[in-house]
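Handing you this structure, nothing more for now.
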Amino acid sequence: MRVIVALGGNALLKRGQKPDAAPQIANVAVAVRSLATLAEEHELIITHGNGPQVGVLALESAGDSELSGPYPFDTLGAETQGMIGYWILQALQNALPGRQVMALVTQTLVSAVDPAFDDPAKFVGRVYEREEAEKLARENGWTVKPDGPYWRRVVPSPTPQRVVETRLIRRAVRDGVVVVCAGGGGVPVVRDPQGRLTGVEAVIDKDLTASVLAEALECDAFLILTDVARVMRDYGTPRQSEIGHTTPHELRAIEFPPGSMGPKVEAVCRFVETTGDMAAIGRLDQAARILDGTAGTIVTPSATWPLTSTL
Ligand SMILES: Nc1ncnc2c1ncn2[C@@H]1O[C@H](COP(=O)(O)OP(=O)(O)O)[C@@H](O)[C@H]1O
Ligand SMILES: NC(=O)OP(=O)(O)O
(Lines give C-alpha, C1' and ligand atoms only; values in the text may rest on other atoms or scores of the structure.)
(Ligands and ions follow the chains in the order given, each with its own letter.)
Protein backbone atom coordinates (compact mmCIF):
# COMPACT_ATOMS: atom_id res chain seq x y z
CA MET A 1 0.00 0.00 0.00
CA ARG A 2 1.00 3.62 -0.51
CA VAL A 3 0.35 5.58 2.71
CA ILE A 4 0.64 9.32 3.37
CA VAL A 5 0.91 10.56 6.96
CA ALA A 6 0.53 14.16 8.17
CA LEU A 7 2.16 14.95 11.54
CA GLY A 8 0.68 17.88 13.50
CA GLY A 9 2.84 20.89 14.26
CA ASN A 10 1.11 21.28 17.63
CA ALA A 11 1.63 17.58 18.30
CA LEU A 12 5.38 18.07 17.74
CA LEU A 13 5.41 21.18 19.96
CA LYS A 14 2.50 21.00 22.39
CA ARG A 15 0.58 24.14 23.41
CA GLY A 16 2.35 25.68 26.40
CA GLN A 17 5.53 23.56 25.88
CA LYS A 18 8.82 25.52 25.69
CA PRO A 19 9.88 25.74 22.01
CA ASP A 20 13.33 24.22 22.63
CA ALA A 21 14.68 21.72 20.11
CA ALA A 22 14.99 18.85 22.61
CA PRO A 23 11.28 18.28 23.43
CA GLN A 24 10.41 18.52 19.74
CA ILE A 25 13.07 15.95 18.83
CA ALA A 26 11.63 13.71 21.57
CA ASN A 27 8.11 14.12 20.10
CA VAL A 28 9.50 13.31 16.62
CA ALA A 29 11.04 10.13 18.10
CA VAL A 30 7.60 9.05 19.39
CA ALA A 31 6.08 9.61 15.94
CA VAL A 32 8.93 7.87 14.12
CA ARG A 33 8.70 4.79 16.37
CA SER A 34 5.15 4.29 15.16
CA LEU A 35 5.92 5.28 11.54
CA ALA A 36 8.90 2.92 11.21
CA THR A 37 6.52 -0.04 11.54
CA LEU A 38 4.48 1.29 8.60
CA ALA A 39 7.58 1.94 6.49
CA GLU A 40 8.63 -1.73 6.85
CA GLU A 41 5.46 -2.83 5.04
CA HIS A 42 4.30 0.12 2.93
CA GLU A 43 5.42 2.96 0.67
CA LEU A 44 5.45 6.00 2.94
CA ILE A 45 5.19 9.76 2.43
CA ILE A 46 5.38 11.99 5.52
CA THR A 47 4.25 15.62 5.76
CA HIS A 48 4.36 17.73 8.89
CA GLY A 49 2.90 20.92 10.35
CA ASN A 50 4.84 24.03 11.32
CA GLY A 51 2.37 26.42 13.00
CA PRO A 52 4.10 26.69 16.39
CA GLN A 53 7.61 26.56 14.89
CA VAL A 54 7.07 29.16 12.14
CA GLY A 55 5.78 31.54 14.83
CA VAL A 56 8.97 31.08 16.88
CA LEU A 57 11.12 31.88 13.83
CA ALA A 58 8.92 34.89 12.98
CA LEU A 59 9.42 36.31 16.49
CA GLU A 60 13.18 35.69 16.31
CA SER A 61 13.48 37.43 12.98
CA ALA A 62 11.24 40.35 14.09
CA GLY A 63 13.50 40.82 17.13
CA ASP A 64 16.76 40.96 15.11
CA SER A 65 17.76 44.64 14.90
CA GLU A 66 20.25 43.80 12.12
CA LEU A 67 17.33 43.09 9.78
CA SER A 68 15.28 45.82 8.13
CA GLY A 69 12.15 43.75 8.78
CA PRO A 70 11.09 40.20 9.67
CA TYR A 71 11.70 37.45 7.11
CA PRO A 72 8.57 36.80 5.00
CA PHE A 73 6.47 33.73 5.83
CA ASP A 74 7.43 31.81 2.66
CA THR A 75 11.10 31.99 3.71
CA LEU A 76 10.23 31.11 7.31
CA GLY A 77 8.18 28.17 6.02
CA ALA A 78 11.20 26.88 4.11
CA GLU A 79 13.29 27.26 7.29
CA THR A 80 10.82 25.09 9.22
CA GLN A 81 10.89 22.46 6.46
CA GLY A 82 14.67 22.27 6.89
CA MET A 83 14.55 22.10 10.69
CA ILE A 84 11.64 19.70 11.20
CA GLY A 85 12.51 17.74 8.03
CA TYR A 86 16.02 17.20 9.41
CA TRP A 87 14.69 15.91 12.76
CA ILE A 88 12.33 13.46 11.03
CA LEU A 89 14.95 12.42 8.44
CA GLN A 90 17.56 11.57 11.05
CA ALA A 91 15.10 9.72 13.31
CA LEU A 92 13.86 7.65 10.33
CA GLN A 93 17.40 6.87 9.15
CA ASN A 94 18.27 5.64 12.66
CA ALA A 95 15.05 3.59 12.87
CA LEU A 96 15.28 2.14 9.34
CA PRO A 97 18.92 1.31 8.61
CA GLY A 98 19.38 0.38 4.95
CA ARG A 99 16.26 2.25 3.81
CA GLN A 100 16.63 5.41 1.71
CA VAL A 101 15.00 8.47 3.31
CA MET A 102 14.75 11.95 1.83
CA ALA A 103 13.53 15.34 3.16
CA LEU A 104 12.61 17.71 0.37
CA VAL A 105 12.04 21.48 0.39
CA THR A 106 8.65 21.65 -1.30
CA GLN A 107 6.53 24.47 -2.75
CA THR A 108 2.74 24.56 -3.00
CA LEU A 109 0.87 26.59 -5.60
CA VAL A 110 -1.92 28.86 -4.37
CA SER A 111 -4.06 31.49 -6.09
CA ALA A 112 -2.83 35.10 -5.77
CA VAL A 113 -6.48 36.17 -5.44
CA ASP A 114 -7.47 33.58 -2.83
CA PRO A 115 -9.93 35.33 -0.43
CA ALA A 116 -7.96 33.81 2.48
CA PHE A 117 -5.37 36.62 2.03
CA ASP A 118 -8.01 39.02 3.41
CA ASP A 119 -9.13 36.77 6.28
CA PRO A 120 -6.15 35.40 8.28
CA ALA A 121 -7.10 32.05 9.86
CA LYS A 122 -3.94 29.94 10.36
CA PHE A 123 -2.66 29.84 13.95
CA VAL A 124 1.09 30.40 14.28
CA GLY A 125 3.41 30.61 17.27
CA ARG A 126 2.64 30.26 20.94
CA VAL A 127 -0.60 30.77 22.80
CA TYR A 128 -1.30 33.90 24.90
CA GLU A 129 -3.93 35.12 27.34
CA ARG A 130 -6.37 37.39 25.50
CA GLU A 131 -5.09 40.68 26.94
CA GLU A 132 -1.45 39.98 26.05
CA ALA A 133 -2.41 38.77 22.54
CA GLU A 134 -4.39 41.96 21.87
CA LYS A 135 -1.51 44.13 23.13
CA LEU A 136 0.95 42.30 20.83
CA ALA A 137 -1.49 42.67 17.93
CA ARG A 138 -1.64 46.46 18.46
CA GLU A 139 2.16 46.77 18.79
CA ASN A 140 3.09 44.50 15.85
CA GLY A 141 0.16 44.83 13.44
CA TRP A 142 -0.82 41.16 13.97
CA THR A 143 -4.28 39.66 13.72
CA VAL A 144 -5.09 37.43 16.73
CA LYS A 145 -7.94 34.97 17.26
CA PRO A 146 -9.13 32.59 20.01
CA ASP A 147 -7.61 29.07 19.94
CA GLY A 148 -9.60 27.07 22.49
CA PRO A 149 -9.21 28.87 25.83
CA TYR A 150 -6.16 30.84 24.59
CA TRP A 151 -5.41 33.44 21.90
CA ARG A 152 -2.88 33.21 19.07
CA ARG A 153 -1.56 35.08 16.08
CA VAL A 154 -3.19 34.15 12.74
CA VAL A 155 -1.86 34.58 9.19
CA PRO A 156 -3.49 34.05 5.77
CA SER A 157 -3.85 30.41 4.74
CA PRO A 158 -4.81 30.08 1.05
CA THR A 159 -6.14 26.81 -0.37
CA PRO A 160 -3.40 24.51 -1.71
CA GLN A 161 -3.80 23.74 -5.43
CA ARG A 162 -0.80 21.54 -6.29
CA VAL A 163 2.58 20.57 -4.85
CA VAL A 164 5.11 21.82 -7.42
CA GLU A 165 7.48 18.85 -6.87
CA THR A 166 4.75 16.15 -7.16
CA ARG A 167 6.43 14.27 -10.07
CA LEU A 168 9.76 14.13 -8.27
CA ILE A 169 8.10 12.82 -5.08
CA ARG A 170 6.23 10.14 -7.06
CA ARG A 171 9.47 8.98 -8.69
CA ALA A 172 11.26 8.76 -5.32
CA VAL A 173 8.38 6.85 -3.70
CA ARG A 174 8.32 4.36 -6.61
CA ASP A 175 12.05 3.84 -6.03
CA GLY A 176 11.33 2.82 -2.42
CA VAL A 177 12.40 6.09 -0.80
CA VAL A 178 10.58 7.26 2.34
CA VAL A 179 9.87 10.90 1.45
CA VAL A 180 9.41 13.73 3.96
CA CYS A 181 7.86 16.64 2.04
CA ALA A 182 5.26 19.43 1.92
CA GLY A 183 6.18 20.46 5.48
CA GLY A 184 4.04 23.30 6.81
CA GLY A 185 1.71 22.67 3.87
CA GLY A 186 4.56 23.53 1.49
CA VAL A 187 6.17 26.93 0.89
CA PRO A 188 3.29 29.02 -0.54
CA VAL A 189 4.01 30.20 -4.09
CA VAL A 190 2.18 31.70 -7.04
CA ARG A 191 3.05 31.30 -10.73
CA ASP A 192 3.20 34.47 -12.84
CA PRO A 193 2.04 34.65 -16.50
CA GLN A 194 5.63 33.85 -17.60
CA GLY A 195 5.54 30.63 -15.54
CA ARG A 196 7.95 31.87 -12.85
CA LEU A 197 7.35 31.02 -9.18
CA THR A 198 7.32 33.62 -6.38
CA GLY A 199 6.77 33.10 -2.65
CA VAL A 200 3.79 34.71 -0.91
CA GLU A 201 3.15 35.79 2.68
CA ALA A 202 1.09 32.90 4.08
CA VAL A 203 1.14 29.55 5.90
CA ILE A 204 -0.79 26.77 4.16
CA ASP A 205 -2.72 24.17 6.14
CA LYS A 206 -0.64 20.98 6.00
CA ASP A 207 -3.67 18.69 6.28
CA LEU A 208 -5.25 20.22 3.16
CA THR A 209 -1.94 20.03 1.26
CA ALA A 210 -1.51 16.41 2.38
CA SER A 211 -4.96 15.67 0.96
CA VAL A 212 -4.05 17.26 -2.40
CA LEU A 213 -0.76 15.31 -2.46
CA ALA A 214 -2.47 12.07 -1.40
CA GLU A 215 -4.80 12.33 -4.39
CA ALA A 216 -2.02 13.27 -6.82
CA LEU A 217 0.19 10.37 -5.65
CA GLU A 218 -2.76 7.91 -5.68
CA CYS A 219 -2.24 6.97 -2.04
CA ASP A 220 -4.33 4.09 -0.66
CA ALA A 221 -4.59 5.59 2.83
CA PHE A 222 -4.24 9.04 4.41
CA LEU A 223 -3.51 9.35 8.14
CA ILE A 224 -3.51 12.59 10.13
CA LEU A 225 -1.61 12.16 13.39
CA THR A 226 -2.14 14.73 16.13
CA ASP A 227 -2.44 14.98 19.92
CA VAL A 228 -5.95 13.53 20.36
CA ALA A 229 -6.84 9.83 20.06
CA ARG A 230 -10.09 10.45 18.19
CA VAL A 231 -12.28 13.19 16.78
CA MET A 232 -15.04 14.01 19.29
CA ARG A 233 -18.69 14.86 18.97
CA ASP A 234 -19.69 17.84 21.17
CA TYR A 235 -15.99 18.51 21.87
CA GLY A 236 -15.30 20.43 25.08
CA THR A 237 -18.79 19.87 26.49
CA PRO A 238 -19.91 17.40 29.18
CA ARG A 239 -21.60 15.39 26.38
CA GLN A 240 -18.39 14.89 24.35
CA SER A 241 -17.96 11.40 22.86
CA GLU A 242 -15.34 9.78 20.61
CA ILE A 243 -16.11 9.03 16.96
CA GLY A 244 -14.77 5.62 15.91
CA HIS A 245 -15.68 4.51 12.38
CA THR A 246 -17.52 7.16 10.33
CA THR A 247 -18.19 8.51 6.83
CA PRO A 248 -17.66 11.94 5.21
CA HIS A 249 -21.45 12.32 5.14
CA GLU A 250 -21.69 11.93 8.94
CA LEU A 251 -18.65 14.14 9.62
CA ARG A 252 -19.89 16.94 7.39
CA ALA A 253 -23.03 17.18 9.48
CA ILE A 254 -20.94 18.20 12.53
CA GLU A 255 -19.38 21.65 13.01
CA PHE A 256 -15.64 21.68 13.82
CA PRO A 257 -13.48 24.69 14.77
CA PRO A 258 -11.52 26.40 11.98
CA GLY A 259 -7.73 26.34 12.37
CA SER A 260 -7.58 23.04 14.32
CA MET A 261 -9.98 20.10 13.81
CA GLY A 262 -11.93 21.80 10.99
CA PRO A 263 -9.22 21.53 8.28
CA LYS A 264 -8.36 17.96 9.35
CA VAL A 265 -11.97 16.85 8.92
CA GLU A 266 -12.22 18.72 5.59
CA ALA A 267 -8.96 17.09 4.39
CA VAL A 268 -9.99 13.51 5.24
CA CYS A 269 -13.51 13.98 3.85
CA ARG A 270 -12.13 15.36 0.59
CA PHE A 271 -9.71 12.45 0.20
CA VAL A 272 -12.33 9.77 0.94
CA GLU A 273 -14.96 11.40 -1.29
CA THR A 274 -12.53 11.83 -4.19
CA THR A 275 -10.70 8.49 -4.05
CA GLY A 276 -13.08 6.07 -2.29
CA ASP A 277 -10.15 5.02 -0.07
CA MET A 278 -9.71 5.28 3.73
CA ALA A 279 -8.46 8.18 5.81
CA ALA A 280 -8.10 8.54 9.57
CA ILE A 281 -7.34 10.99 12.38
CA GLY A 282 -5.61 9.79 15.54
CA ARG A 283 -2.71 10.03 17.95
CA LEU A 284 0.93 10.44 16.98
CA ASP A 285 2.05 7.17 18.61
CA GLN A 286 -0.67 4.93 17.13
CA ALA A 287 0.01 4.98 13.37
CA ALA A 288 0.03 1.19 12.83
CA ARG A 289 -3.13 0.60 14.89
CA ILE A 290 -4.90 3.46 13.07
CA LEU A 291 -4.00 1.94 9.69
CA ASP A 292 -5.41 -1.44 10.71
CA GLY A 293 -8.59 0.25 11.97
CA THR A 294 -8.19 -0.50 15.71
CA ALA A 295 -7.46 3.08 16.86
CA GLY A 296 -8.33 6.62 15.79
CA THR A 297 -11.32 7.97 13.90
CA ILE A 298 -11.55 5.94 10.68
CA VAL A 299 -13.28 7.57 7.72
CA THR A 300 -14.45 5.39 4.83
CA PRO A 301 -16.91 5.93 1.96
CA SER A 302 -19.65 3.92 3.69
CA ALA A 303 -20.34 2.53 7.17
CA THR A 304 -20.08 -1.04 5.84
CA TRP A 305 -16.66 -0.50 4.23
CA PRO A 306 -14.49 -3.52 5.17
CA LEU A 307 -11.76 -2.17 7.45
CA THR A 308 -9.66 -5.32 7.05
CA SER A 309 -9.09 -4.37 3.38
CA THR A 310 -6.57 -1.75 4.59
CA LEU A 311 -4.28 -4.47 5.99
N1 LIG B 1 -14.13 17.89 17.78
C2 LIG B 1 -12.85 17.79 18.19
N3 LIG B 1 -12.33 16.59 18.51
C4 LIG B 1 -11.05 16.47 18.92
N5 LIG B 1 -10.19 17.51 19.02
C6 LIG B 1 -10.65 18.73 18.71
C7 LIG B 1 -11.98 18.93 18.28
N8 LIG B 1 -12.17 20.24 18.03
C9 LIG B 1 -11.01 20.85 18.28
N10 LIG B 1 -10.08 19.95 18.69
C11 LIG B 1 -8.69 20.34 19.00
O12 LIG B 1 -7.91 20.10 17.85
C13 LIG B 1 -6.57 19.89 18.30
C14 LIG B 1 -5.76 19.30 17.16
O15 LIG B 1 -5.61 20.32 16.16
P16 LIG B 1 -4.22 21.08 16.01
O17 LIG B 1 -3.75 21.56 17.34
O18 LIG B 1 -4.34 22.06 14.91
O19 LIG B 1 -3.34 19.85 15.60
P20 LIG B 1 -1.91 19.66 14.95
O21 LIG B 1 -1.11 20.91 15.07
O22 LIG B 1 -1.39 18.49 15.73
O23 LIG B 1 -2.18 19.32 13.51
C24 LIG B 1 -6.74 19.02 19.52
O25 LIG B 1 -5.67 19.13 20.41
C26 LIG B 1 -8.03 19.56 20.13
O27 LIG B 1 -7.72 20.50 21.14
N1 LIG C 1 1.08 24.44 8.47
C2 LIG C 1 0.29 23.75 9.35
O3 LIG C 1 -0.80 23.28 9.04
O4 LIG C 1 0.81 23.62 10.62
P5 LIG C 1 0.12 22.99 11.91
O6 LIG C 1 -0.11 21.54 11.65
O7 LIG C 1 1.13 23.21 12.97
O8 LIG C 1 -1.15 23.73 12.17
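The values are calculated or read from the model by the stated rules, or taken from the named source; none is laboratory data. Worth saying up front: this structure is predicted, and the values here are computed from it rather than measured. Positions of Cβ are backbone-derived with ideal geometry, glycine not excepted, and every protein chain shown enters the neighbour counts.
Tally the residues that are more than 16 Å from ligand 2 (Cβ to nearest atom) and of a type outside the set (S, T, N, Q), restricting the search to the stretch 194-216.
The number of residues fulfilling the criteria is 5.
Just give me the residues in the stretch 1-25 being within 12 Å of ligand 1 (Cβ to nearest atom) and among the basic types (Lys, Arg), in sequence order.
Passing the criteria: Lys14, Arg15.
Say we look at the stretch 128-149 and pick out the residues that are touching a residue at least 60 places away in the same chain (Cβ under 8 Å) and surrounded by fewer than 16 Cβ atoms within 10 Å (Cβ to Cβ); which of these is farthest from Gly236 (Cα to Cα)?
Asn140
Regarding the stretch 178-193, can at least one residue be identified that is surrounded by fewer than 20 Cβ atoms within 10 Å (Cβ to Cβ), without any contact (Cβ under 8 Å) to a residue 24 or more places away in the chain, outside the structural domain of Arg283 (by TED's automatic domain parsing) and away from ligand 1 (no atom under 16 Å from the Cβ)?
Yes, the stretch 178-193 contains at least one residue that is surrounded by fewer than 20 Cβ atoms within 10 Å (Cβ to Cβ), without any contact (Cβ under 8 Å) to a residue 24 or more places away in the chain, outside the structural domain of Arg283 (by TED's automatic domain parsing) and away from ligand 1 (no atom under 16 Å from the Cβ).
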